[in-house]
Amino acid sequence: MSRRIVLSLTAAVVVIGGTGAFVLARAGEPSLSLAHSTARYAAPDGERDGSLTFTTDVTSSSGVKDVKVLAWPAKSSFAERGLTTKDMAAVESADCEPLGEDTVRCTYKAVVTRADAEVSPRGVWHLAVQVSAKDGTTKLETRAADFTVA
(Lines give C-alpha, C1' and ligand atoms only; values in the text may rest on other atoms or scores of the structure.)
Protein backbone atom coordinates (compact mmCIF):
# COMPACT_ATOMS: atom_id res chain seq x y z
CA MET A 1 0.00 0.00 0.00
CA SER A 2 1.16 3.47 -0.68
CA ARG A 3 2.07 5.74 2.16
CA ARG A 4 -0.75 8.18 1.24
CA ILE A 5 -3.41 5.47 1.57
CA VAL A 6 -2.04 4.30 4.92
CA LEU A 7 -2.09 7.88 6.27
CA SER A 8 -5.65 8.41 5.00
CA LEU A 9 -6.85 5.19 6.60
CA THR A 10 -5.11 6.06 9.87
CA ALA A 11 -6.71 9.52 9.89
CA ALA A 12 -10.15 8.01 9.18
CA VAL A 13 -9.77 5.52 12.06
CA VAL A 14 -8.79 8.33 14.44
CA VAL A 15 -11.77 10.48 13.39
CA ILE A 16 -14.25 7.61 13.61
CA GLY A 17 -12.82 6.45 16.94
CA GLY A 18 -12.97 9.98 18.34
CA THR A 19 -16.57 10.38 17.22
CA GLY A 20 -17.51 7.07 18.80
CA ALA A 21 -15.84 8.04 22.09
CA PHE A 22 -17.72 11.38 22.06
CA VAL A 23 -21.04 9.62 21.49
CA LEU A 24 -20.36 7.16 24.32
CA ALA A 25 -19.31 9.99 26.64
CA ARG A 26 -22.48 11.96 25.84
CA ALA A 27 -24.62 8.85 26.37
CA GLY A 28 -23.17 8.55 29.88
CA GLU A 29 -24.10 12.11 30.85
CA PRO A 30 -27.26 12.48 32.90
CA SER A 31 -30.04 14.36 31.20
CA LEU A 32 -32.72 16.32 32.99
CA SER A 33 -35.39 18.21 31.08
CA LEU A 34 -38.88 19.68 31.39
CA ALA A 35 -41.44 19.72 28.59
CA HIS A 36 -45.09 20.62 28.03
CA SER A 37 -45.29 22.80 31.17
CA THR A 38 -48.72 24.39 31.66
CA ALA A 39 -50.45 26.37 34.38
CA ARG A 40 -54.16 26.85 34.96
CA TYR A 41 -55.48 29.34 37.50
CA ALA A 42 -59.13 29.64 38.49
CA ALA A 43 -60.11 32.42 40.90
CA PRO A 44 -62.54 31.75 43.73
CA ASP A 45 -66.14 32.34 42.71
CA GLY A 46 -68.86 32.88 45.28
CA GLU A 47 -68.56 30.17 47.91
CA ARG A 48 -66.36 27.99 45.67
CA ASP A 49 -62.59 27.97 46.23
CA GLY A 50 -60.32 28.60 43.28
CA SER A 51 -57.37 26.51 42.22
CA LEU A 52 -53.92 26.53 40.68
CA THR A 53 -52.85 23.50 38.67
CA PHE A 54 -49.40 23.07 37.13
CA THR A 55 -48.40 20.13 34.96
CA THR A 56 -45.06 19.26 33.38
CA ASP A 57 -43.32 16.24 31.88
CA VAL A 58 -39.89 15.57 33.36
CA THR A 59 -37.30 13.35 31.71
CA SER A 60 -34.24 12.06 33.55
CA SER A 61 -31.98 9.22 32.50
CA SER A 62 -31.38 8.31 36.17
CA GLY A 63 -34.98 8.74 37.34
CA VAL A 64 -36.78 11.62 39.04
CA LYS A 65 -36.38 11.99 42.80
CA ASP A 66 -38.40 15.16 43.47
CA VAL A 67 -40.16 18.03 41.70
CA LYS A 68 -40.79 21.19 43.72
CA VAL A 69 -43.08 24.00 42.56
CA LEU A 70 -43.29 27.64 43.66
CA ALA A 71 -45.71 30.27 42.30
CA TRP A 72 -44.30 33.80 42.49
CA PRO A 73 -45.56 37.20 41.31
CA ALA A 74 -43.65 38.85 38.46
CA LYS A 75 -43.49 42.04 40.54
CA SER A 76 -41.69 40.65 43.58
CA SER A 77 -38.27 40.47 45.19
CA PHE A 78 -37.62 37.24 43.27
CA ALA A 79 -37.83 39.22 40.02
CA GLU A 80 -35.27 41.68 41.33
CA ARG A 81 -32.73 39.32 42.89
CA GLY A 82 -33.45 36.05 41.10
CA LEU A 83 -34.78 32.79 42.47
CA THR A 84 -32.27 30.28 43.89
CA THR A 85 -32.28 26.64 44.94
CA LYS A 86 -32.26 27.87 48.57
CA ASP A 87 -35.62 29.54 47.91
CA MET A 88 -36.97 26.21 46.70
CA ALA A 89 -35.83 24.19 49.74
CA ALA A 90 -39.06 24.43 51.74
CA VAL A 91 -41.68 24.56 48.98
CA GLU A 92 -44.24 21.88 48.17
CA SER A 93 -43.61 18.97 45.83
CA ALA A 94 -45.64 17.92 42.83
CA ASP A 95 -47.13 14.43 42.47
CA CYS A 96 -45.51 12.45 39.65
CA GLU A 97 -46.72 9.44 37.69
CA PRO A 98 -44.71 7.38 35.17
CA LEU A 99 -45.28 8.39 31.56
CA GLY A 100 -42.52 6.42 29.84
CA GLU A 101 -39.19 4.74 30.50
CA ASP A 102 -37.37 7.92 31.63
CA THR A 103 -40.30 10.35 31.82
CA VAL A 104 -42.82 11.23 34.51
CA ARG A 105 -45.81 13.61 34.38
CA CYS A 106 -45.86 15.80 37.45
CA THR A 107 -48.89 17.73 38.67
CA TYR A 108 -49.04 20.32 41.40
CA LYS A 109 -52.45 21.42 42.70
CA ALA A 110 -53.19 24.14 45.22
CA VAL A 111 -56.48 25.42 46.60
CA VAL A 112 -56.93 29.19 46.34
CA THR A 113 -59.26 30.50 49.02
CA ARG A 114 -61.05 33.84 48.83
CA ALA A 115 -58.66 35.13 51.55
CA ASP A 116 -55.64 34.00 49.48
CA ALA A 117 -56.99 35.71 46.38
CA GLU A 118 -57.71 38.99 48.20
CA VAL A 119 -54.11 39.39 49.40
CA SER A 120 -52.41 38.09 46.23
CA PRO A 121 -50.83 40.69 43.95
CA ARG A 122 -52.70 41.17 40.67
CA GLY A 123 -50.96 40.55 37.37
CA VAL A 124 -48.60 37.97 35.93
CA TRP A 125 -47.26 35.17 38.10
CA HIS A 126 -44.54 32.66 37.25
CA LEU A 127 -44.13 29.05 38.32
CA ALA A 128 -40.64 27.98 39.31
CA VAL A 129 -39.79 24.29 39.20
CA GLN A 130 -36.82 22.55 40.74
CA VAL A 131 -36.25 18.99 39.60
CA SER A 132 -33.93 16.62 41.45
CA ALA A 133 -32.80 13.44 39.74
CA LYS A 134 -31.86 10.22 41.53
CA ASP A 135 -28.20 10.71 40.51
CA GLY A 136 -28.06 14.04 42.38
CA THR A 137 -28.46 16.29 39.35
CA THR A 138 -30.76 19.28 39.86
CA LYS A 139 -32.31 21.76 37.49
CA LEU A 140 -34.05 24.99 38.41
CA GLU A 141 -36.43 26.49 35.86
CA THR A 142 -37.50 29.85 37.32
CA ARG A 143 -40.18 30.53 34.71
CA ALA A 144 -41.54 27.15 33.68
CA ALA A 145 -45.05 28.54 33.11
CA ASP A 146 -47.06 31.71 33.71
CA PHE A 147 -50.59 32.58 34.76
CA THR A 148 -52.47 35.80 35.52
CA VAL A 149 -54.30 36.79 38.68
CA ALA A 150 -57.00 39.26 37.69
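Heads up, I need the accessible area for Tyr41: 1.4 angstrom probe, whole protein in place, Å², nearest 10.
Only protein atoms counted, so the area is about 50 Å².
On a C-alpha basis, how far is the centre of the range 38-69 from the centre of the range 84-150 in Å? Whole number, if you could?
Centre-to-centre distance over Cα atoms comes out at 6 Å.
Can you run phi through the Karplus equation (6.51, -1.76, 1.60; θ = phi - 60°) for the range 90-101 and list ³J(HN,Hα) in whole Hz, with x for Gly and Pro?
The phi angles translate into 9, 7, 6, 9, 7, 8, 10, 10, x, 10, x, 4 Hz.
Taking 30 Å as R0, compute the FRET efficiency from the Cβ-Cβ separation of Thr84 and Arg48 and round it to 0.05.
0.25
Taking 0.36 nm per residue of separation and subtracting the Cα-Cα distance, what length does fully extending Val119 through Thr103 add?
Full extension of this stretch gives 2.1 nm more.
With +1 assigned to the C-beta of every Lys and Arg and -1 to the C-beta of every Asp and Glu, and no other charges, what is the dipole magnitude of the range 50-150 about the Cα centre in debye, to the nearest 20?
The calculation lands at about 320 debye.
The values are calculated or read from the model by the stated rules, or taken from the named source; none is laboratory data. These numbers were taken from a predicted model, which means no experiment stands behind them. All Cβ positions, glycine included, derive from the backbone under ideal geometry; neighbour counts span all protein chains shown. Heavy atoms of the whole protein, side chains included, go into the accessibility calculation; ligands, DNA and RNA do not. Shrake-Rupley method; radii C 1.70, N 1.55, O 1.52, S 1.80 Å.
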